[in-house]
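Remarks on the structure that follows.
The values are calculated or read from the model by the stated rules, or taken from the named source; none is laboratory data. This is a predicted model, so every value here is computed, not measured. Virtual Cβ from ideal backbone geometry, glycine too; neighbours counted across all protein chains shown. In case anyone asks, the SASA skips ligands and DNA or RNA and just uses the protein heavy atoms, side chains included. Shrake-Rupley method; radii C 1.70, N 1.55, O 1.52, S 1.80 Å.
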Amino acid sequence: MTGALDALLGPGQRLAILSALVDEQRGLIDQLRQRQRIEHAGRHFWLGLFHGVPVVLTVSRIGKVSASMTAAILIERFAAGAIVFTGVAGALGDAVQVGDVVVAEDFIQHDLDVSPLFARYEVPAYGRARFACHTGLSQALLRSVRHSLARDFASARVHQGLIASGDRFVSGAAEVQALRQRLGQDGHPALAVEMEGAAVAQVCADHGLPYAAMRTISDRADDHAHRDFAQFVEQVASRYAQAIIGHLLSA
Ligand code: SAH
């Protein structure tokens, strides 16, 4: 196990690997030793050893509510001591291309707006809009992403920064342009848009749990997003997830 993970997991705790989609998770489940599947709240949780590390794997389901519920179950019922998320996302940053990977520094909910009572995007009761990822775990993930891409997907670039989450599949040129502009003007220039990450970040903050997340860019959140997305998940994203998580847990 890597030093970074070693230090994070307490006795009896597991590393949770959360995927957004079943396609991404499949290859990871195949590699589990002492595999056990438990059903709870309509979800399947896979327990076992991955390169000797005790892990729990599951699918977040789509959207912020589903993802928060899944994260809470991982922590409260399956002794998750840290969560790593792998998924796909639409590009927001100018330099971010399909096939690149974004490792999250922090997250914002782009569709949360309790103004004028609170500043736009601010999560009431927390006094802030952004939820940061764990530095050490994110650095370990970043190293694994760099290593895996350099070996197998040399043309892909790695970015690190803000990711925006919301309950909407952003799939229109005008919509993505408006979102990019609004977030930029408000001082939150996000690199990618997806539907779960900020929810998991908030649940992890509530529990003081280390969290790191990577998203492979599957589309440009424009008029072609739905078609690009489907092809990409099938052909590329699941291979990325396997290579990267494999390296993270064996390095
Ligand atoms: N076809 C899928 C639905 C995928 S929804 C199914 O049937 O299950 C899109 C998923 O990918 C979400 O998990 C979201 O986090 C991410 N995503 C990829 N591109 C996105 C975009 N342009 N906007 C929002 N989320 C996106």
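Observations on the structure shown:
- Filtering segment 87-107 to residues that are assigned to a strand (DSSP E or B) and either open to solvent by less than 10 Å² (accessible area, probe 1.4 Å) or within 12 Å of the ligand (Cβ to nearest atom) (or both) leaves Gly87, Val88, Ala89, Gly90, Ala91, Val101, Val102, Val103, Ala104, Phe107.
- Every residue from segment 164-185 that is within 16 Å of Phe107 (Cα to Cα) and open to solvent by 70 Å² or more (accessible area, probe 1.4 Å): Asp167, Arg168
- Only one of the numbered conditions (1) modelled with pLDDT of 95 or more; (2) outside any helix (DSSP H, G or I) is not met by Ala154, and that is (1).
- Hits in segment 7-57 - residues which are more than 16 Å from the ligand (Cβ to nearest atom), in contact (Cβ under 8 Å) with a residue 60 or more places away in the chain and among the polar types (S, T, N, Q): Gln13, Gln31
- Some residue of segment 168-186 being within 24 Å of Val59 (Cβ to Cβ), touching a helix residue (DSSP H, G or I) at 6+ places or on another chain (Cβ under 9 Å), within 16 Å of the ligand (Cβ to nearest atom) and assigned to a helix (DSSP H, G or I): no
- Any hit, segment 127-134, residues being open to solvent by 40 Å² or more (accessible area, probe 1.4 Å), touching a helix residue (DSSP H, G or I) at 6+ places or on another chain (Cβ under 8 Å) and under 23 Å from Gln181 (Cβ atoms): no
- Qualifying residues in segment 196-227 (those that are touching a Gly at 6+ places or on another chain (Cβ under 8 Å) and open to solvent by 40 Å² or more (accessible area, probe 1.4 Å)) - the one nearest to the ligand (Cβ to nearest atom): Arg220
- Identity of the residue in segment 135-151, under 13 Å from Tyr240 (Cβ atoms) and open to solvent by 70 Å² or more (accessible area, probe 1.4 Å), that ends up modelled with the lowest pLDDT: Arg151
- Test set (1) closer than 22 Å to Asp6 by Cα; (2) within 14 Å of the ligand (Cβ to nearest atom); (3) not acidic (Asp, Glu) - Ser60 fails condition number: (1)
- Pairs, first over 15 Å from Phe45 (Cα atoms) and open to solvent by less than 10 Å² (accessible area, probe 1.4 Å) in segment 59-86, second in a helix (DSSP H, G or I) and among the charged types (D, E, K, R), C-beta under 8 Å, six or more apart: Thr86/Glu24
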